[in-house]
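Okay, structure first, notes after.
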Amino acid sequence: MTRHINAEIVAIGTEILLGELTDTNSVYLARALRDMGINLYFMTSVGDNEKRIESAVRIALGRADLVITCGGLGPTVDDMTRQAVAAATDRSLTFHQELLDSIAARFSSFRVQMTDNNRRQAYIPDGALVIDNAVGTAPAFAVEIEDRVIISLPGVPREMKYLMTEKVIPYLREHFGLATEIIKARILKVAGIGESALDEMIGADLLNGANPTIGLAAHSGQIDVRVTIKADSEAAADLLMLPTLAALQARIGRFVYGMDDAHLEDALAAALRQHHMTLAVAEAGIQTDLAGRLSAVPKGVPVLEYTAQYNRAADLADELKLPSDTPLRALAEAAALALRDRDGAAALVILSTPGDEADAADSSERTAVAVCLGEQVVSRGYGFGSNSEPARVWTVTWTMATLWRLLIERGESGYRVRR
């Protein structure tokens, strides 16, 4: 077993801090480090400010063997990573003519005239190792400081991914002796139970384990249970993970609808088919992808009996001959029962009123959902309006998860955790 290597990612760019750009680069880098068996304990975001970047890098160097910066290697004045890394490592910048020639050649191949500011990109910290960028104009580099390493990568995702795969990973494997160690993760997809109840059901003995480790990531109506293990090989990881997966099967198996890339709509469609049932879906005041996801489920007979979209909740009430002045949540319940009676199917209803609020109190009930299976009706009210992202995403997950769980409780034993 090789020694443990700790890493930190420093994402650079004011646009990240302003919420204008989602930092997908750090997610990609985190997974790449995980697959190499490198521990990632911190991810930092910092704006385009030389002093703050320098400070972030110094802090990272104080607690990590490997620091990867991403972004800030372009030719403009707000690209400050080169200067900041040099300052954080008490070095100056050195001009490399061969780098400028390479950048000029890249521009020439595009038949584009290189501007004078691209000269900035030919400066890198003293003693740094150049990481040739064959797919872009921003040179990357690595700075070795005794037993620690800083690697600076461009922020353009295509360039970053190419360099990480083709250059950085081989370098790290050789530098840190990571030829065999890996980190493998499996994800159990869970529905129909709250996070706190699931945490208690799994138990402290599993949740506090060192290898493998277990973590929960909650969504509305669905939870990911991630099992992560470190081993010398994938075969060894699979073997070491077996007892934990078996324990999870025994404790929470009836709430697991799949693993890894499993989709809730596939599990719901399979449960409906097993019970020889179809589904009626009605939405009013909102348009989600619920019906589309269910109709796109492959394999087997269709599960959708009826789908309908209405401009307003009142229009659905008129169609089903229900009082239009009924409170939204009660109307969702009544509509689900009416669809069940009319179509002889299980029913999902999502009603929403206009509004952007994503964090309003649920007591305001701008959005309501209801699930009907036989005599069982389960509903919920939300404070967010139809224009908010939660209204279009959370409601779909919650309704599918709730109906799946009701079907499982009718006698199905649930998904069998595959090891």
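The values are calculated or read from the model by the stated rules, or taken from the named source; none is laboratory data. Since the model is a prediction, treat every value here as computed from it, not as a measurement. No Cβ is skipped: glycine too gets one built from the backbone with ideal geometry, and neighbour counts run over all protein chains shown.
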TODO: Could you run through region 262-276 and say how many residues are in contact with an Asp or Glu (Cβ under 9 Å, 6 or more places away or on another chain) and either not in a helix (DSSP H, G or I) or not hydrophobic (A, V, I, L, M, F, W, C) (or both)?
DONE: 2
Open item on the list: Could you check region 47-79 and list, in sequence order, the residues that are buried (at least 23 other Cβ atoms within 10 Å of the Cβ) and in contact with a Gly (Cβ under 8 Å, 6 or more places away or on another chain)?
Closed with: I53, C70, G71, G72, L73
Task: Residue satisfying condition, being among the small types (G, A, S), under 34 Å from the mean Cα position of the chain (by Cα) and surrounded by fewer than 19 Cβ atoms within 10 Å (Cβ to Cβ), within set A271, A296 - done: A296
Open item on the list: Being in a helix (DSSP H, G or I) and under 24 Å from the mean Cα position of the chain (by Cα) narrows it down to one residue among L216, L245; which is it?
Closed with: L245
Open item on the list: Quick check on region 144-160: of everything there that is surrounded by fewer than 17 Cβ atoms within 10 Å (Cβ to Cβ) and assigned to a helix (DSSP H, G or I), which residue is farthest from the chain's Cα centre (by Cα)?
Closed with: R158
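Among the candidates L316, L304, L290, which residue alone is in contact (Cβ under 8 Å) with a residue 60 or more places away in the chain and within 18 Å of R340 (Cβ to Cβ)? Full working, then the answer.
Details: L316 fails: in contact (Cβ under 8 Å) with a residue 60 or more places away in the chain; L304 fails: in contact (Cβ under 8 Å) with a residue 60 or more places away in the chain.
The unique qualifying residue is L290.
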Task: Single match in S108, S102, S152, S92 (criterion: within 25 Å of F42 (Cα to Cα) and either of a type in the set (S, T, N, Q) or at pLDDT 85 or above (or both)) - done: S152
Task: Which listed residue, of I16, I38, is of a type in the set (V, I, T), closer than 16 Å to T81 by Cα and either in the same structural domain as A64 (by TED's automatic domain parsing) or out of contact with any Pro (no Cβ under 6 Å at 6 or more places or on another chain) (or both) - done: I16
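Which of the residues belonging to region 1-32 are assigned to a helix (DSSP H, G or I), among the aliphatic types (A, V, I, L, M) and over 16 Å from the mean Cα position of the chain (by Cα)?
Pass one, region 1-32, residues assigned to a helix (DSSP H, G or I): 14-17, 24-32.
After this cut, where a residue has to be among the aliphatic types (A, V, I, L, M) as well, the list is 16-17, 27, 29-30, 32.
Correct list: I16, L17.
Just to be sure I understand, how many residues within region 81-108 are part of a loop (DSSP other than H, G, I, E, B), touching a residue at least 12 places away in the same chain (Cβ under 8 Å) and more than 11 Å from V57 (Cβ to Cβ)? Steps first, please.
Step one: filter region 81-108 for residues part of a loop (DSSP other than H, G, I, E, B), giving 89-92, 96.
Those still in the list that are touching a residue at least 12 places away in the same chain (Cβ under 8 Å) too: 89, 91-92, 96.
Keeping just the survivors that are more than 11 Å from V57 (Cβ to Cβ) gives 91-92, 96.
Total meeting the criteria: 3.
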Task: region 1-59, residues that are among the small types (G, A, S) and within 17 Å of I169 (Cβ to Cβ) - done: A7, S26, A30, A32, G37
TODO: Search region 219-242 for residues being of a type in the set (G, A, S) and outside any strand (DSSP E or B), and hand back the single one that is surrounded by the fewest Cβ atoms within 10 Å (Cβ to Cβ).
DONE: A235
Open item on the list: Return the residues of region 167-194 that are touching a residue at least 24 places away in the same chain (Cβ under 8 Å), assigned to a helix (DSSP H, G or I) and either in contact with a Phe, Trp or Tyr (Cβ under 8 Å, 6 or more places away or on another chain) or not aromatic (F, W, Y) (or both); say none if nothing qualifies.
Closed with: K167, V168, I169, L172, R173, H175
